[in-house]
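The values are calculated or read from the model by the stated rules, or taken from the named source; none is laboratory data. Because the structure is predicted, anything quoted here is derived from the model rather than measured. All Cβ positions, even for glycine, are placed from backbone atoms using ideal geometry, and neighbour counts span all protein chains on display.
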């Protein structure tokens with residue numbers, strides 16, 4: 001069965017192949033890349049794209065600035081610290097490695113990241129939000145909000161109020177701040193007078209309030225890790241009055257390799273080794289500048305990766321039957337968020353889905369969201385006929401609270417979530433274009449878990465707090481329990497010296513970091 005030609009229901013090619021893919025040009029659609037835009041020069045500072053000449057001049061004169069020989073005793077976010085030759089303020093450098101699965105660190109290809117974590121700390125894992133996709137999770141890392149709160153509910157989705165589709169690779173939506181709700185760390189910091197720098201972090205250039213990073217380097221595919229290292233260090237090496245205190249960086253190559261060749265592939269392992277070398281070089285460069293007691297480095301990722309080389313395909317249009325003709329939108333690959341045209345027999349569609357899950361309980365789950373009662377295509381349907389809310393096989397259940405993925409009108413009223421090993425499709429999309437590795441699945445699945453590794457004064461304070469509580473195991477290492485990525489916003493704010501009166505409301509846990517940070521951190 002096929003759908004009407006005017007229905008916007010097909011999974012886009014890049015969703016199946018994976019975000020920002022570059023490994024094999026033969027399978028790389030042009031739309032895969034984020035749009036590259038001209039350099040943006042913000043109102044207070046120069047644009048981050050330094051010329052080669054300026055870089056040489058800066059390198060030659062950098063260490064001729066005023067020296068200091070001891071720490072400044074002032075406290076607060078404006079306190080000055082000395083590396084022996086120059087003054088610095090508290091600085092946070094956070095780098096996201098797209099697709100770095102938590103257990104990748106146990107493969108033997110990341111000795112330097114493990115060394116960094118032993119000198120600092122790491123978490124057993126960091127749990128991404130649902131759906132475990134790149135753009136929703138990178139915005140959660142920035143805002144401390146779940147998808148239902150910050151509005152980026154997938155990489156591509158329909159907004160029934162805007163009557164428009166968000167697509168991460170289309171500049172008219174991806175860089176339109178009205179799509180992006182919540183307040184990112186760089187907006188909070190800039191409002192507090194803190195200079196920030198952004199190296200390709202997925203998200204908008206500015207927010208709906210007009211806020212932006214002082215320095216911004218837009219997305220560019222195939223941008224070498226060595227160049228990113230140079231960019232980050234150029235910002236670190238700026239004079240005090242121009243130097244950013246919050247620096248963000250993003251690297252997609254591991255996610256690209258995972259999509260193209262799968263999480264267990266040689267390409268993934270080789271990319272891991274390259275990223276590990278980058279992490280070593282970055283940490284080493286800060287050590288050479290005597291900044292390990294001043295700069296907090298945080299390595300994070302947005303999600304993990306699952307092998308999808310041989311999925312069992314489920315043709316949802318066959319299951320739904322004639323009512324599939326009334327499906328007007330499908331969002332959220334690899335899940336299916338369904339919207340229906342008014343007058344569609346949604347009851348029949350749900351009955352058929354329920355019957356299928358009763359006989360095939362391990363293939364997918366069917367959930368309804370808050371918009372079911374308000375969306376024109378579903379608002380008249382009586383869910384009581386499906387024993388709504390009873391936890392038994394073959395029923396349509398409300399979206400689980402643990403997903404925090406219901407209370408937003410952008411989330412389609414019916415959501416089908418595949419289990420591990422299964423892929424959803426229809427006869428329009430078929431089985432073409434599926435990547436060897438993928439993500440977007442249940443955020444409690446270990447293969448979806450992300451990393452958290454920290455090095456610098458925060459990690460030393462966390463270890464000291466462990467010792468103070470008498471919980472030190474004597475090894476000098478500390479592995480935090482797993483935690484959710486919506487806690488990161490509050491950590492960054494705390495490390496920058498900003499308190500609750502300065503920061504935005506988040507979905508993070510109040511006082512979460514009190515256990516891990518000494519009172520003066």
Qualifying position, being in a loop (DSSP other than H, G, I, E, B), out of contact with any strand residue (DSSP E or B) (no Cβ under 9 Å at 6 or more places or on another chain) and modelled with pLDDT of 95 or more, among 504, 510: 504
Cβ pairs under 6 Å, 6+ apart, first in the range 428-445 and more than 24 Å from residue 267 (Cα to Cα), second modelled with pLDDT under 90 and surrounded by fewer than 16 Cβ atoms within 10 Å (Cβ to Cβ): 428/2; 428/10; 429/10
Looking only at the range 282-313, and only at residues there that are touching a helix residue (DSSP H, G or I) at 6+ places or on another chain (Cβ under 8 Å) and surrounded by fewer than 17 Cβ atoms within 10 Å (Cβ to Cβ), the one that is farthest from residue 82 (Cα to Cα): 285
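Do we have any residue at all in the range 480-491 that's farther than 30 Å from residue 350 by Cβ, over 23 Å from the mean Cα position of the chain (by Cα) and surrounded by 19 or more Cβ atoms within 10 Å (Cβ to Cβ)? Talk me through it step by step, then tell me what you get.
First, the residues of the range 480-491 that are farther than 30 Å from residue 350 by Cβ: 480-491.
Next, from what is left, pick out any that are over 23 Å from the mean Cα position of the chain (by Cα): none.
No, there is no match, as no residue in the range 480-491 is farther than 30 Å from residue 350 by Cβ, over 23 Å from the mean Cα position of the chain (by Cα) and surrounded by 19 or more Cβ atoms within 10 Å (Cβ to Cβ).
Which of the helices (runs of 4 or more DSSP H) found entirely inside the range 176-267 contain at least 2 residues meeting this: surrounded by 19 or more Cβ atoms within 10 Å (Cβ to Cβ) and on the phi > 0 side of the Ramachandran plot? Let's see the steps before the verdict.
Working: elements: 185-191, 225-236, 253-261.
Helices (runs of 4 or more DSSP H) meeting the threshold: none at all.
Scanning for something within 23 Å of the chain's Cα centre (by Cα) and within 30 Å of residue 105 (Cβ to Cβ), does the range 382-399 turn up at least one residue? Break it down stepwise before answering.
So in the range 382-399, the residues within 23 Å of the chain's Cα centre (by Cα) come out as 399.
Now restrict to residues that are within 30 Å of residue 105 (Cβ to Cβ): none.
Scanning the range 382-399, I find no residue that is within 23 Å of the chain's Cα centre (by Cα) and within 30 Å of residue 105 (Cβ to Cβ), so the answer is no.
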